[in-house]
Amino acid sequence: MISSCGSEEEKKPEISKEVIDPNSSLNAKFDDKIFSIPSPMQMAMLLEESKSPYNEFLLNDLDKVGDYTSEYKKAMNLGIYGTDLGYVSIYKQNSIALKYLSTIEKLTSKLGLEGAFDKDFMTRFEKNSTNKDSMMVIVSDAFKKSDNFLKSNNRKSVSALILVGGWIESMYLACNINKAHANQKILDRIAEQTETLNTIIELLTDYNKKGESDELIKDMKDLKFYFDQITINYEYMEPITNVQKKTTTLRHKTIVTVDSSTLNFINQKIEAIRAKVIE
Amino acid sequence: MKKLALYSIFTLIVGFGANAQDCETLVKDCENILKGKEKNFVSDGQVYTAFLDREKAEFKTTFFGGTTYRIAATAGTDDEYVIFTVKDMQGTVLFTNRKYKNSSYWDFKVPRTIPVIIETELDMDKKITGCAVMMIGFKR
C-alpha cells in the first residue's frame with residue numbers, strides 16, 4: 001500500500017505481529033491511503049489560455065501573512081499564496097511574483113520548510129522570471145519538494161492543508177473570472193471538480209484528529225451538495241495505444257450539465273469558504 | 001522472548017530508517033523519469049510514496065481535458081518493478097503497463113476530462129516488498 005497523504009502521521013510506530021513473527025517480512029506500512037489533488041497550476045494555465053484578463057484584486061493580500069499564526073492557518077494560506085504565485089507567474093507579473101515569493105518564503109520558514117524555497121530556488125526564479133513555462137516548472141518543483149519533505153517527516157497533515165488551500169484558491173480564481181467573463185472552458189473546469197471535492201473531504205476528515213477542520217469539512221460538505229446537482233454523462237470508448245511513443249489516447253465521451261443557479265451557489269460557497277481561510 | 005522482542009524493536013527501527021532512505025533515493029529517480037529527455041512535463045506538486053508488500057494500492061485523481069499527462073513510477077533502478085493500472089470510475093481498465101514490460105512511465109492524451117482510479121502494485125515475479133514512488137505530471 002502506497003500513500004500521498006495518509007492518516008498515521010501522528011502515531012508512534014507500533015510493533016506489528018508480522019514484525020514480531022520472525023518468519024514474516026518486514027511490512028512496515030507508511031500509510032494506508034493515497035490522496036491526489038490536481039495541480040492548481042493547471043487552473044492558472046487554463047485561465048491564461050482562455051484569454052481571461054489578469055485580475056490582481058482577486059489575490060490574497062500580502063499584508064495578511066502576519067495574521068496567520070497557527071500551523072493550520074499558515075499551511076492553508078501557503079496553499080493560497082502558492083496558487084496566487086502560480087497565477088501571477090503565468091501572467092508574467094514579475095514584480096508582483098517576487099513579492100508573493102517573499103511572502104511564501106516567510107510562511108515556509110515558519111513551517112520549517114526552508115529547504116524547498118532555498119537560495120537555489122530563488123536564483124532559478126529570478127533568472128527565469130520572464131519565461132512563464134520555466135516559472136511554472138520552478139514553482140511546481142518547489143511545492144513538490146516541500147510535499148516530499150513534509151511526507152517523509154511525518155507531517156502529512158500540513159502537506160494536506162497546503163493542497164486544500166491551493167485548491168480553494170484555484171476555484172476562487174476560476175469562479176470569479178468566469179463570473180466576470182463567462183467562458184465555457186472555465187465553467188466546465190469548475191463543474192469537473194466533483195471527484196476532487198470528494199477527495200478533499202476524505203483527506204480533511206482523515207487528518208482532523210484535533211478537530212481544527214470541523215468547520216471546513218462542514219462547509220465542504222455543503223459545497224458537495226451543489227456539486228451533486230451537476231450531471232456528468234460518461235460513455236466509455238476503447239482508448240488507442242501507441243507503443244512506440246508510449247502514449248495512450250483516451251476516447252471516452254462526457255457531457256457535463258450544470259444550471260446557472262447551481263453555479264451561482266457554488267460561486268457563493270467558494271467565496272465564503274475562502275473568506276474564512278484568509279481571514 | 002525478551003531477546004526476540006529487543007531484536008524485533010531493533011529490526012523495526014532499522015527497517016523504518018532503511019525504508020525511508022530507499023524512498024528518498026527513488027524520489028530523485030522518479031523525478032528524472034517524469035521529466036524525461038525533453039523535460040516538458042510539469043509535476044502536479046505531489047510525491048506518492050509507499051512501502052508496498054503484496055498489496056495493491058489505489059487512489060483517485062482527475063485528468064483534465066486538453067492535457068497530456070505522464071505517470072512515472074519506480075521501485076528500483078535495476079528493473080521495472082512497478083505495475084500501474086489506470087481505470088475509469090466504473091472499473092474499466094483504460095491502460096496497464098503490465099502489457100508493456102512494466103514501462104516506468106506512460107503518457108496519456110486526454111481530450112475530455114475524466115476522473116480515474118490509479119492502481120499500483122509490485123511485480124511479484126521481480127520484487128515482493130519495497131518502497132515505490134509515483135509521480136504525475138502534465139505537459140507544458
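Remarks
- Just one of the listed residues (A:Thr199, A:Thr248) is at pLDDT 95 or above and in contact with a Pro (Cβ under 7 Å, 6 or more places away or on another chain), namely A:Thr248.
- When B:Asp79 is tested against (1) more than 10 Å from chain A (Cβ to nearest Cβ); (2) not in a loop (DSSP other than H, G, I, E, B), only condition (2) is not met.
- Some residue of region A:202-210 being within 14 Å of chain B (Cβ to nearest Cβ) and polar (S, T, N, Q): no
- Residue within region A:207-228 that is hydroxyl-bearing (Ser, Thr, Tyr) and at pLDDT below 95 present: yes
- Any chance B:Lys87 is touching a residue at least 24 places away in the same chain (Cβ under 8 Å), basic (Lys, Arg) and part of a loop (DSSP other than H, G, I, E, B): no
- Filter result for the condition that a residue is over 30 Å from A:Met136 (Cα atoms), of a type outside the set (D, E, K, R), in contact with a Phe, Trp or Tyr (Cβ under 6 Å, 6 or more places away or on another chain) and at pLDDT 95 or above, over B:Thr92, B:Thr113: B:Thr92
- Unique residue being within 28 Å of B:Tyr48 (Cα to Cα) and at pLDDT 95 or above when the list is A:Lys73, A:Lys64: A:Lys73
The values are calculated or read from the model by the stated rules, or taken from the named source; none is laboratory data. What you see is a predicted model; the values in this text were computed from it and never measured. Here Cβ is always computed from backbone atoms with ideal geometry, including for glycine, and neighbour counts include all displayed protein chains.
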